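Written below as structure tokens is the structure these notes are about.
Since every read-out is calculated from the coordinates, none of them should be taken as a lab result. Keep in mind that this is a model prediction, so the values were computed, not measured. Glycine also receives a Cβ, built like all others from the backbone with ideal geometry; neighbour counts cover every protein chain displayed.
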């Protein structure tokens, strides 16, 4: 019998469960996964004969089995980020509109303030557009809406991030309350909102080995949780690390490993 020397490669596909907690809703390819591994540990109860001489183990019974895994992906898309933050991804629809006057509250010179921050959109409005009448980026006024402040003298604004910065030496003093009027542009913004519940579903590892037989792995029930650091800055590609808890459904086993002929 020849040896099956294998150079492992493969793709991970995952499906969240439907509301019944057992039925896959449909599989999504997670993107490039530089690492994927499994770990299985058993806890045994050993018995030793102590009738004479040194004790000899004469029985061992498995008490429990723990199946876990790890994988990482460098596909930094909203759905994968949602897994890391125990959350969900969606699309925030923004309509084209003129909004304001909206209070930025009591400001401090040298500080920056977010336009459009509300309970429903706490991150604020971004990708703003320029007023055409009058032609200005935003309209910033005092608390009574009678004094109009000057862009570049009293403040600056980054339309892309929606941040207004109060400038030193301008007409705005510490603790002044200022109001802003701005224009949004029609857009759909990808968004991830964190949660507190691990993601559960079914997982497939589809082998694409350049060398060795192809064995695909199916896990009917897994929980995905974060595994360590997700570095936002660095000199390498961003990678999201995950842990797997591989569980056993009723009437099903934890793993199914099947061979497949290469296409």
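Using a simple spin-label model with pseudo-atoms 7 Å out from Cα toward Cβ, residue 130 and residue 213 lie 6.7 nm apart. Computed over the stretch 96-185, the alpha-carbon pair-distance distribution with 10 angstrom bins reads 18, 57, 24, 1, each value a whole percent. Relative contact order, whole percent, for the stretch 91-141 stands at 17, derived from Cα pairs under 8 Å and 6 or more residues apart.
Among 158, 235, the order by Cβ neighbours within 10 angstrom, fewest to most, reads 235, 158.
Working from label points 7 Å from Cα in the Cα-to-Cβ sense, the residue 249 to residue 63 distance is 3.0 nm. Based on the Stokes-Einstein relation at 25 °C and a viscosity of 0.890 mPa s, and on the Kirkwood radius from alpha carbon pairs, the stretch 50-204 is assigned a translational diffusion coefficient of 124 µm²/s.
Take the Cα of residue 106, step 7 Å toward its Cβ, do the same at residue 25, and the gap between the two points is 4.6 nm. Please identify, among 77, 175, 89, the residue showing maximal mean-square fluctuation in a Gaussian network model of the chain using a 10 angstrom Cα cutoff. For the chain, modelled as a Gaussian network with Cα springs under 10 Å, the answer is 175. Our note on the geometry: Cα centres of the stretch 202-263 and the stretch 62-120, 26 Å apart.
Based on C-alpha pairs under 8 angstrom that are at least 6 apart in sequence, the chain has a relative contact order of 25 percent.
Taken over the chain, the convex hull of the Cα atoms encloses 265 Å³ per residue. Counting beta carbons within 10 Å around each of 157, 22, 239 and listing the fewest first gives the order 22, 239, 157.
Using only the Cα atoms of the stretch 97-148, build the gyration tensor, take square roots of its eigenvalues as a ≥ b ≥ c, and label the shape rounded, prolate or oblate: rounded if a/c is under 1.5, else prolate if a/b is larger than b/c, else oblate. Verdict is oblate for the stretch 97-148. Every helix of 4 or more DSSP H residues in the chain counts as -39500 (n - 2.57), and over all residues that averages to -500 deg cm²/dmol at 222 nm. For the pair residue 189 and residue 229, the difference between a 0.36 nm per residue extended length and the Cα-Cα distance amounts to 11.8 nm. Computed from the C-beta positions of residue 6 and residue 35, the FRET efficiency with R₀ = 22 Å rounds to 0.85. Over all directions, the projected convex hull of the C-alpha atoms in the stretch 1-133 averages 21.6 nm² in area.
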